[in-house]
Every structure is written in C-alpha cells, then in structure tokens.
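Quick notes on the structure that follows.
The values are calculated or read from the model by the stated rules, or taken from the named source; none is laboratory data. What you see is a predicted model; the values in this text were computed from it and never measured. Quick reminder, even Gly has a Cβ in these numbers, built from the backbone with ideal geometry, and neighbours come from all protein chains shown.
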Amino acid sequence: MAEAVHEMAHEATHDAAHSGKGSAKLIGLLISVLALFLAVSEMLGKSAQTNGLALNIQASDTWNFFQAKTIRQTVLRTTMDKARTEQPADRAALDKQIGAWQATVDRWESEPSTGEGRKELLAKAKKLEHDRDELLSKYHAYEIVSLVLQLGIVLASVSLLSSLAVFAFGSVALGGVGLVLLAGAYFDIHAITALLH
C-alpha cells in the first residue's frame, strides 16, 4: 500500500514537473477561488454574529420591560389587597379605586393595541431569543466553513510548493465540502447546520 502511494506521489511529481507553469496557474486559480468564498463566508459570519448580538440586546430589553410590568402588577395587587382589608369611611369610593387599579393590572397583563402587555412582551422576547439563536447558529456554521476553506487554501499552497498533486486533490475536495457547507448555512438547510454543531 505504501509503495502504491509512493508511486502515485512520484507520478504526480513527474507530471507536475513536466506541466510546470500550467499546473501552477491552475493551483493559483484554485487558491483565488477558495479565497473568494472564504471572504464571503467571513462576511456572512460577521453579519450573522452582529445581528445575533443586536437581537440579544433587544431580547434582554424586552425581558427587562416584562419584569418591570410584573413588579408594577405585584405592587398594585398588594396595594389592592391591603385596601380591601381596611374599613374606609367611603366604601363606594374605595371600590371605585380598586376597580381602576384592577383595570390597570389587566391592561399591564395584556395590551394588544400597543404590544406592551406582559403576554405580548413574553411572546416577543421568546421570538427574539429564537431569532438570535438561529443567527448565532449560522455564525458558528460560517466559522466552520471558513476553517474548511482555509485548510483547502493551505493544501493548495503546499501543492504549489511541493508539486505533489495529492495536495491539490485534497484542496479541491476541501473546497467542495466548504462550498456545500456554505450553501447549506446560507440557505438555512437545517440538516447541514445541525451537522456543523
């Protein structure tokens, strides 16, 4: 087996020596194409990372708003409970005030017109977190794509320096894998992005 690999490497070296400039140009072109897709992968990865971090901030702000509404509701409910235990001189006025407070508590619980009730904030925060997780997942997928393409460039460079075609074939194989993974991450093919995790 080792002799067969040695013989193939010897033939590749012999072919490269005779083809000379032509194979060097092809390998140079291969490096350029891989570098192009590496730049695209890096750009898409940084974009996904930036957008994911922005959504993380929005989700955090939404959860803070949700928590503030919850605290306000708790304070107002406690005030209503305390007022109910007291014996005021004007019970009708107290009942009217408790009714107003209850309307406020109910509005804080759900306010579809503004989307700022606890119910709406909860749904919004969960959606933001889901979108953030999707973008950060894509970012990690693009990072793996970049690694694969960088390894392809390294193998192409070794092929250029050593004149061994086996490295060029390895570079082409890694480049093909990188392009498939890049397409999968870009078009959100869940099977590929799940594979990259």
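Summary table
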{"item": "Residue match in segment 91-114 (condition: surrounded by 15 or more Cβ atoms within 10 Å (Cβ to Cβ), assigned to a helix (DSSP H, G or I), touching a residue at least 24 places away in the same chain (Cβ under 8 Å) and of a type in the set (Asp, Glu))", "result": "no"}
{"item": "Considering residues of segment 115-125 that are assigned to a helix (DSSP H, G or I) and touching a Ser or Thr at 6+ places or on another chain (Cβ under 9 Å) only, the residue surrounded by the most Cβ atoms within 10 Å (Cβ to Cβ)", "result": "121"}
{"item": "Cβ-Cβ under 6 Å pairs, at least 6 apart or on other chains, segment 122-144 side of a type outside the set (D, E, K, R), far side modelled with pLDDT under 95 and outside any helix (DSSP H, G or I)", "result": "141/196; 144/196"}
{"item": "Residues of segment 145-171 satisfying the condition of being closer than 20 Å to residue 42 by Cα, crowded, with 19+ Cβ neighbours inside 10 Å and either without any contact (Cβ under 8 Å) to a residue 24 or more places away in the chain or over 23 Å from the mean Cα position of the chain (by Cα) (or both)", "result": "152, 153, 155, 156, 171"}
{"item": "Residue ID - nearest to residue 178 (Cα to Cα), chosen from residues in segment 41-90 that are of a type in the set (S, T, N, Q) and touching a residue at least 60 places away in the same chain (Cβ under 8 Å)", "result": "41"}
{"item": "Selection status of residue 80, over 26 Å from the mean Cα position of the chain (by Cα) and either part of a helix (DSSP H, G or I) or farther than 30 Å from residue 175 by Cβ (or both)", "result": "yes"}
